[in-house]
Protein chains: 2
Amino acid sequence: MENFSQRLNSAIRRTRSPLVVGLDPRLSLLPKTYESLVTGTEWDQAQAFREYCCWVIDVVADLVPAVKPQLAFFEELGPAGMQALADVVRYAREKQLIVIGDGKRGDIGTTAQAYAAAYLGATSAWGMDSLTVNPYLGVDTLQPFLQVARARQAGVFVLVKTSNPGSGDFQDLAVTGGELPHGADPTTLYQCVAQHLDRLSREPAAEIDGDGLCEIGAVVGATYPAQLQALRSVMPRCWLLIPGFGAQGGSAADTAGGFHPDGLGAIVNSSRAILYAFDPADRSHQWVDAVRQATVLANEQLRADTPAGNL
Amino acid sequence: MENFSQRLNSAIRRTRSPLVVGLDPRLSLLPKTYESLVTGTEWDQAQAFREYCCWVIDVVADLVPAVKPQLAFFEELGPAGMQALADVVRYAREKQLIVIGDGKRGDIGTTAQAYAAAYLGATSAWGMDSLTVNPYLGVDTLQPFLQVARARQAGVFVLVKTSNPGSGDFQDLAVTGGELPHGADPTTLYQCVAQHLDRLSREPAAEIDGDGLCEIGAVVGATYPAQLQALRSVMPRCWLLIPGFGAQGGSAADTAGGFHPDGLGAIVNSSRAILYAFDPADRSHQWVDAVRQATVLANEQLRADTPAGNL
């Protein structure tokens, strides 16, 4: 089997798209067609999530390389939601989509290992291709995720600079005393995290593909384009997963700095702008067209305004 | 209903104990009695987790105020594990134990809200009394957790200084430019997080109890006793949840600095040293005694070497 980065690159080249469709199912936003399930038990509601997400997967599978289910929304429905998540992941993988589980997990030692096994391991009930991870607990807590991921040719995306307004509270703090892998001073916390990821991407265990990218990624928001561009050069072997495009206010051009000149190295997430690109009161199947058109449009914007046009 | 801090205080006074029993079920460590379930399907394995955790709850319920299920270990068993978690939480609450869900969740905006609703909300499938949360994404991402928690008289424990060897990689970085609620310079990232928690604990929305404590807590490892003592004075209204006691190497005396003089304000977690305080090959019911004795011993150590003796 190809490694994570090779598979992601193949999917991007096949679709000529760096777009990730975020699967954020919300009861209050689903098309009215699902109303009877939405007002039912949590198992009915989970069935609505399952059906809607699988339907979206059908609509976008030939247009994009990856989908990103947001675990929180499935967890909100309890065990029923977690079962729906497993079914959605399996369906997406059957359709050749790379699945990025957005769980932002993080813990120490054997607990980190358990999270990694839960979502990325060989006997995982969810069997995702990659998982988002929070670095606050330290570099030693990233290693179990990387080890489990590597054993199954999966990937890990570490939060660096998030897209929310308050991301600066801690991430932007000026720091001193951080480890300096390049001899260059990291000036902020998020830069320090990025330098550690760069160092990890240069270790012998890292699985570099033919395009110079590996199984380690960083989450960097489209809402901070200058930082995005700087971070691209700090960690050239790491994928950048860029949220904040679309409903959160980032434009396609804002994501351009995250790409390598060949159009690889970055994937751009859009959730609400695609998933709910329809009149919520619509009871016809117009929303099928609306979701597909929103995906096509996002692809066109990314090809026009970023190096993804070179794919 | 009493608020979170009142309930926690009542439970601590009733048991004269600040000890939290960490529910970290591991297939490889369960008593041999569970062997047939352990080698079965994931539903069998989840049943072993359910039975063992509920049995531990029976053994310790009159000795300790709270239990802390570690979500990762339940997630490792997929939806079956998540169902077992719900049953374990319900059972612990029936036994008057405060349940601290150790999930270290964190995300932005409506996603944070979904996590909070999932574990702390009025319609939560798990219905925990509190949840651990990761602050890396910023102070704005803590607010949805606090809002949902307050609506159900629940609590939130935010990671500040974790117990693992690598916790210093980012948490100990010297920072400048952080918000300075007291006019005092936070010198490290973890101190900056602590100052923000102190500020949140002084807002009108905070639910202060008769002992001057509120529904906001901080996670601070027993493995860093000097930092623990300093942090106690930085955020006097916040609970400190102290992991690292027992198997991770922290002694009872190492946790003393986390308490107020009256013996309140801190809770100390022990997981493996209690849960697996028996000969793993034991097929008799000696492990019932071993787990109870380990709990009694931990209580005695905490009463002897910390202000919990004043309870």
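Read-outs: derived from the displayed coordinates by stated rules, not from any lab. Just so we're clear, the structure is a prediction, and the values are computed from it rather than from any experiment. Quick reminder, even Gly has a Cβ in these numbers, built from the backbone with ideal geometry, and neighbours come from all protein chains shown.
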### Query
In degrees between 0 and 90, to the nearest 10, how far off the longest principal axis of chain B does helix B:109-120 point, with axes built from Cα atoms?
40 degrees
### Task
Could you work out, for chain A, what percent of all Cα-Cα pairs fall into each 10 Å distance bin, beginning at 0 Å and stopping at the bin that holds the largest distance?
6, 29, 36, 22, 6, 1, 0
### Debye intensity ratio I(q)/I(0), log10, region B:107-215, q values 0.10, 0.13, 0.16, 0.18 Å⁻¹ (C-alpha model)
-0.31, -0.52, -0.77, -0.95
### Query
Given the options A:215, A:300, A:207, which has the most mean-square fluctuation in a GNM of chain A, springs set between C-alpha atoms less than 10 angstrom apart?
A:300
### Message
Treating only the Cβ of Lys, Arg, Asp and Glu as charged (+1, +1, -1, -1), what charge dipole size does region B:4-310 show about its Cα centre? Round to the nearest 20 debye.
### Response
480 debye
### Task
List the distances, in nm and shortest first, from the label point of residue A:35 to the matching label points in every other copy, placing each point 7 Å from Cα along the Cα-to-Cβ direction.
5.9
### Message
Report the Rg/Rh value for region B:1-116, based on alpha-carbon coordinates and the Kirkwood definition of Rh.
### Response
1.01
### Message
Taking just the alpha-carbon atoms of region B:199-284, what radius of gyration and Dmax come out, in angstrom?
### Response
15.5, 54
### Query
For region A:240-249, what does the Karplus curve 6.51 cos²θ - 1.76 cosθ + 1.60, with θ = phi - 60°, yield as ³J(HN,Hα) per residue in whole Hz, taken in order and with x for Gly and Pro?
10, 9, 10, x, x, 7, x, 4, 7, x
### Message
Among A:217, A:127, A:78, which one shows the highest mean-square fluctuation when chain A is modelled as a Gaussian network with alpha-carbon springs under 10 Å?
### Response
A:78
### Task
Considering Cα pairs under 8 angstrom that are at least six residues apart, work out the relative contact order of region A:42-133 and quote it in whole percent.
28 percent
### Query
Which whole-Hz couplings ³J(HN,Hα) result when phi for each residue of region B:152-158 is put into the Karplus expression 6.51 cos²θ - 1.76 cosθ + 1.60, θ = phi - 60°, listed in order with x for Gly and Pro?
10, 6, 10, x, 9, 10, 9
### Acute angle (nearest 10 degrees) that the helix A:4-15 long axis makes with the longest principal axis of chain A, alpha-carbon atoms
50 degrees
### Approximate shape of the protein assembly as shown as ellipsoid semi-axes (Cα gyration tensor, √5λ), whole Å, largest first
39, 28, 23
### Query
Hey, what angle do you get for helix A:189-201 against the long axis of chain A, alpha-carbon based, 0 to 90 degrees rounded to 10?
80 degrees
### Task
Find the relative contact order for chain B and round it to a whole percent, using C-alpha pairs within less than 8 Å whose residues are 6+ positions apart.
19 percent
### GNM result for chain B, Cα springs below 10 Å: residue of B:136, B:190, B:276 fluctuating most strongly
B:136
### Query
Which cross-chain or sequence-distant (5 or more) residues have an amide H under 5 Å from the amide H of residue A:66, H modelled 1.01 Å from N in plane?
A:21, A:98
### Task
Give me the net charge of residue A:114's neighbourhood, meaning all other residues with Cβ under 11 Å from the Cβ of residue A:114; Lys, Arg count +1, Asp, Glu -1.
-2
### Task
List the distances, in nm to one decimal, from the label point of residue A:285 to the label points of the same position in every other copy, shortest first, placing each label point 7 Å from Cα along the Cα-to-Cβ direction.
6.2
### Message
Suppose every Lys and Arg Cβ carries +1 and every Asp and Glu Cβ carries -1, with no other charges. What dipole size does region B:204-293 come out with about its Cα centre, to the nearest 20 debye?
### Response
220 debye
### Query
For the protein assembly as shown, what is the charge dipole size about the Cα centre, in debye to the nearest 20, if Lys and Arg each add +1 at the Cβ and Asp and Glu each add -1 at the Cβ?
120 debye
### Task
State, as an integer percentage, the relative contact order of region B:123-269 based on alpha-carbon contacts under 8 Å between residues 6 or more apart.
20 percent
